[in-house]
Amino acid sequence: MTETTEAAAPVAAEAPEAAAKDSRGRSRIHRAWFVAAVTFVTIIGAAAFRSLPGLLIDPLHDDFGWSRGTISAAVSVNLALYGLTAPFAAALMDRFGIRRVVAVALTVISIGSGLTVWMTSAWQLMLCWGLLVGLGSGSMALAFAATVTNRWFTERRGLVSGILTAASASGQLIFLPLLSWLVEAHRWRPAAVTVALAALAVVPFVWLLLRDHPADVGLKPYGARDFVPKPAPVPGAARRAVKVLLSAMRTGPFWLLAGTFAICGASTNGLIQTHFVPAAHDHGMPVTAAASLLAVIGVFDVVGTIASGWFTDRFESRRLLAVYYALRGVSLLFLPMLLASSVHPPMIFFIVFYGLDWVATVPPTLALCREHYGEDSAIVFGWVLASHQLGAALVAYLGGVSRDVFGSYDMVWYASGALCAAAALMALVIRRRATSPVPAVA
């Protein structure tokens, strides 16, 4: 190290201390919380499209005559790409920075959603809804939240990961009632345009306010004792993502985390988010009422996920996961008996209960990734998330096919309940790591 570099190091180390005070010497809110807030708003904007698929299955079926299986196949492609893009997105963020990757991803989502207005064939639905929005939303997946949390926070990671995970549910809460009203009153095209504009509107906030690393503004990560220099850009993002995957695949916890998270995706995004509205509509419930119930899930999802982050900071993650999956499985077994033409108290209880458990699994899963995989945890979590979305994609497609073949969704509800019971057992099998995390893959 040169003398100039050595002389600069103490200055860099002291800068965070000065930045933590205002001109009168009073403590200020750490910049990390503002970055988390921008991340929260960004995920909300990207989540708008995730509110739409369940609302469009019946309108697209009516307008184009496409089978529910065909429409669900496009949803399946979207969900699969959402997951498979995530680990590469985490590596790309290491290479090109969070801000650039997220801004491009939001733009791709906006283009894909906007182009659906002019589609006339099923392959165009696959291209716009499946490919473009899948790739864009995958780059905005939970790996984004994991990267921000790992870089900007040393303390309160469980709480922050819970808050950022809840952003997707908050987007659902905000957009579902509006989009369902648009679909009912003006058909589906204005709803698609609304989603495109929502994603595009967030881009300026990302570009102006989001920063890649605390060192960019001379700060330590929140809760850190020492200043952390910004790491050099990592070349070969795709190669690194694959190397991390191959390394993680040699460990048992990866397969257990991937398996449980696949079931998580199957029972949430793939099942409830995609098929709850048409299933309720099959029983005579108005689309707006069913969409409002999904929005209520979003309300309690925020509460449940933030609470799960708080619990993850205090309790063993494996046991939390087992409890979450077991309770989810039990609730799904009762759902076929609760669907009716109107909203009644047992259904409201299910919605509240399911909302609290919706993505409460994310903070403990993130914590287990950090425990076992250290600096590679964001990329490993990206691959675990890929399994989540592959499970969601499979059930999204099978749900539509099941409805076409059997005339109801009952079989899918029962099968998903049984899978959740299996996930609870898998979570308990994950062993605690007593030694230091797996070293980072070069």
Quiz item: How many residues does segment 213-228 hold that are touching a helix residue (DSSP H, G or I) at 6+ places or on another chain (Cβ under 7 Å) and either of a type in the set (S, T, Y) or not in a loop (DSSP other than H, G, I, E, B) (or both)?
Solution: 3
Exercise. Show the residue pairs that are 6+ apart or on different chains and have beta-carbon atoms under 9 Å apart, the first residue being within segment 215-228 and farther than 11 Å from H30 by Cβ, the second being in a loop (DSSP other than H, G, I, E, B) and among the charged types (D, E, K, R).
Key: A215/K230; D216/K230; D226/K220; F227/K220; V228/K220
Quiz item: What are the residues in segment 69-83 that are modelled with pLDDT under 80 and either within 21 Å of F406 (Cβ to Cβ) or open to solvent by 10 Å² or more (accessible area, probe 1.4 Å) (or both), if any?
Solution: Y82
Self-check item: Residue list for segment 148-165, restricted to those being in a helix (DSSP H, G or I) and open to solvent by 10 Å² or more (accessible area, probe 1.4 Å)
Solution: N150, R151, R157, L159, I163
Quiz item: Are there any pairs with C-beta distances below 6 angstrom linking a residue in segment 238-249 that is open to solvent by 70 Å² or more (accessible area, probe 1.4 Å) to a residue that is not in a helix (DSSP H, G or I), with the two at least 6 apart or on different chains, and if so which?
Solution: K243/V441
Quiz prompt | Test: A86 is assigned to a helix (DSSP H, G or I) and in contact with a Leu (Cβ under 6 Å, 6 or more places away or on another chain) | solution = yes
Quiz item: Name the residues in segment 319-356 that are in contact with a Leu (Cβ under 6 Å, 6 or more places away or on another chain) and in contact (Cβ under 8 Å) with a residue 24 or more places away in the chain, would you?
Solution: A322, M347, I351
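Take the residues in segment 250-277 that are open to solvent by 30 Å² or more (accessible area, probe 1.4 Å) and within 21 Å of the chain's Cα centre (by Cα), then tell me which one is nearest to S341 (Cα to Cα).
Here the residue is L256.
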Quiz item: What single numbered condition from (1) surrounded by fewer than 17 Cβ atoms within 10 Å (Cβ to Cβ); (2) in a helix (DSSP H, G or I); (3) of a type outside the set (K, R) fails to hold for V183?
Solution: (1)
Practice problem: Filter segment 278-292 for residues that are open to solvent by less than 10 Å² (accessible area, probe 1.4 Å) and either part of a helix (DSSP H, G or I) or under 21 Å from T165 (Cα atoms) (or both) and give the result. | Solution: P278, A279, A280, A290, A291
Self-check item: Residues located in segment 198-214, provided they are over 20 Å from the mean Cα position of the chain (by Cα) and modelled with pLDDT of 85 or more
Solution: P204, W207
Practice problem: Report the residue count in segment 100-119 for those that are surrounded by fewer than 22 Cβ atoms within 10 Å (Cβ to Cβ) and in contact (Cβ under 8 Å) with a residue 24 or more places away in the chain. | Solution: 7
Self-check item: Output for segment 129-139, where each listed residue is open to solvent by 10 Å² or more (accessible area, probe 1.4 Å), within 19 Å of A198 (Cβ to Cβ) and of a type in the set (A, V, I, L, M, F, W, C)
Solution: L132, L135
Practice problem: Please identify the pairs in which a residue from segment 60-83 that is free of Cβ contacts under 8 Å to residues at least 40 places away in the same chain has its Cβ atom under 8 Å from the Cβ atom of a residue that is open to solvent by 30 Å² or more (accessible area, probe 1.4 Å) and among the basic types (K, R), counting only partners at least 6 apart or on another chain. | Solution: H61/R68
Quiz item: If you take the residues in segment 396-422 that are outside any helix (DSSP H, G or I) and in contact with a Ser or Thr (Cβ under 9 Å, 6 or more places away or on another chain), which one is nearest to V77 (Cα to Cα)?
Solution: Y409
Exercise. Could you grab me the full set of residues in segment 319-330 that are out of contact with any Pro (no Cβ under 6 Å at 6 or more places or on another chain) and surrounded by 20 or more Cβ atoms within 10 Å (Cβ to Cβ)?
Key: A322, Y324, Y325, R328, G329
Quiz prompt | Residue list for segment 393-426, restricted to those being farther than 16 Å from I57 by Cα, touching a residue at least 40 places away in the same chain (Cβ under 8 Å) and small (G, A, S) | solution = S416, G417, A418, A421, A422, A423, A424
Exercise. Among the candidates F205, F175, F144, single out the residue that is in a helix (DSSP H, G or I) and farther than 23 Å from V75 by Cβ.
Key: F205
Exercise. Inspect all residues belonging to segment 396-418 and state whether any of them is open to solvent by 10 Å² or more (accessible area, probe 1.4 Å) and within 26 Å of V303 (Cβ to Cβ).
Key: no
Quiz item: For segment 186-221, how many residues are buried (at least 21 other Cβ atoms within 10 Å of the Cβ) and of a type in the set (S, T, Y)?
Solution: 0
Quiz item: With (1) on the phi < 0 side of the Ramachandran plot; (2) in contact with a His (Cβ under 9 Å, 6 or more places away or on another chain); (3) open to solvent by less than 20 Å² (accessible area, probe 1.4 Å); (4) among the small types (G, A, S) as the list, and G97 as the residue in question, which single condition is left unmet?
Solution: (1)
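The values are calculated or read from the model by the stated rules, or taken from the named source; none is laboratory data. Remember, predicted model here, so these are calculated numbers, not experimental data. Methodologically, a virtual Cβ is constructed for each residue, glycine included, from the backbone with ideal geometry; neighbour enumeration extends over all protein chains shown. Side chains are part of the model used for accessible areas, which takes the heavy atoms of the whole protein and leaves out ligands, DNA and RNA. Shrake-Rupley method; radii C 1.70, N 1.55, O 1.52, S 1.80 Å.
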